[in-house]
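Derivation of every value follows stated rules applied to the coordinates shown; laboratory data play no part. Computed from a prediction, not measured in an experiment: that's the story for all the values here. Neighbour counts run over all protein chains shown; Cβ positions are idealised from the backbone, glycine included.
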Amino acid sequence: MDYLFAVVLFAVSSSVTPGPNNIMVMTSGVNFGVRKSLPLLTGICVGFTVMLLLVGLGFSQLFDMFPNLHFIIKCVGVMYLLYLAYLIASSAGGVESDKQSKPFSFMKGALFQWVNAKAWVVASGALAAFTTVGANFFSQNIVIAFTFFVVSFPCVGVWLVFGSLLKNALNSSRSRARFNFTMSGLLILSVVPVVMEIFETLA
């Protein structure tokens, strides 16, 4: 029971804290509302669960064999996050924007986890902290993945609901533009540590 409690605490703290997933979800809630943003929320939660399972089942060993692969994915992830920041900023006028006239889909939310630097940190940290080498590794991996699946919906969903509530307050194109630019800036700030790490690796 202590083990499960520790996993739940880790899952809650890592899922509810600010990061690319939550910024995307809150921005979608502001611009499109809860119902239209549910596929994105579901894609994020399901996608991260699948990622946890695959990493735990040996995907991480692939990075041990080909360390450059992890660096390449990290670089691609940063570029994709900056592209998302551009999309958010480009939708500054609201839903009517030609740049993003509809919320991100389930598949985009799921695939986004593989280029999300925070998702990699959380996944590797969870597996390192809450698994032991041996016969119990597989069952521990299942427990961790299932816990994150259950916990991530309300934790990330809080950001979606908050964004939807803000939608009523941001009822003008100018106020929504300021919000979207702010969220775009926060998303860029969230990748600054990863960018610095990339430059350190290259140096």
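Temperature 4 °C, viscosity 1.567 mPa s: under these conditions the Stokes-Einstein estimate for the chain, based on its Kirkwood radius over C-alpha pairs, is 74 µm² per second. The simple spin-label model puts a point 7 Å past each Cα toward its Cβ; for residue 150 and residue 105 those points are separated by 3.2 nm.
Modelled this way, with points 7 Å down the Cα-to-C-beta line, the labels at residue 57 and residue 132 are 2.5 nm from one another.
Per residue, the convex hull spanned by the Cα atoms of segment 123-203 amounts to 117 cubic angstrom. Computed from label points 7 Å out along Cα-Cβ, the spacing between residue 83 and residue 69 is 2.1 nm.
A Förster distance of 30 Å, applied to the separation of the beta-carbon atoms of residue 2 and residue 203, puts the FRET efficiency at 0.10.
For the chain, hydrophobic long helices are taken as DSSP H runs at least 24 Å long by C-alpha position along their axis with mean Kyte-Doolittle hydropathy of -0.5 or more; these are 20-54, 67-90, 137-169, 173-190.
Counting only helical runs of four or more DSSP H residues, what would the 222 nm mean residue ellipticity of the chain come to if each run contributes -39,500 (n - 2.57) and the total is spread over all its residues? The helix contribution divided over the chain gives -27000 deg cm²/dmol.
Binning all Cα-Cα separations of segment 1-84 at 5 Å, short to long from zero, yields these whole-percent fractions: 3, 11, 13, 20, 21, 16, 10, 5, 1.
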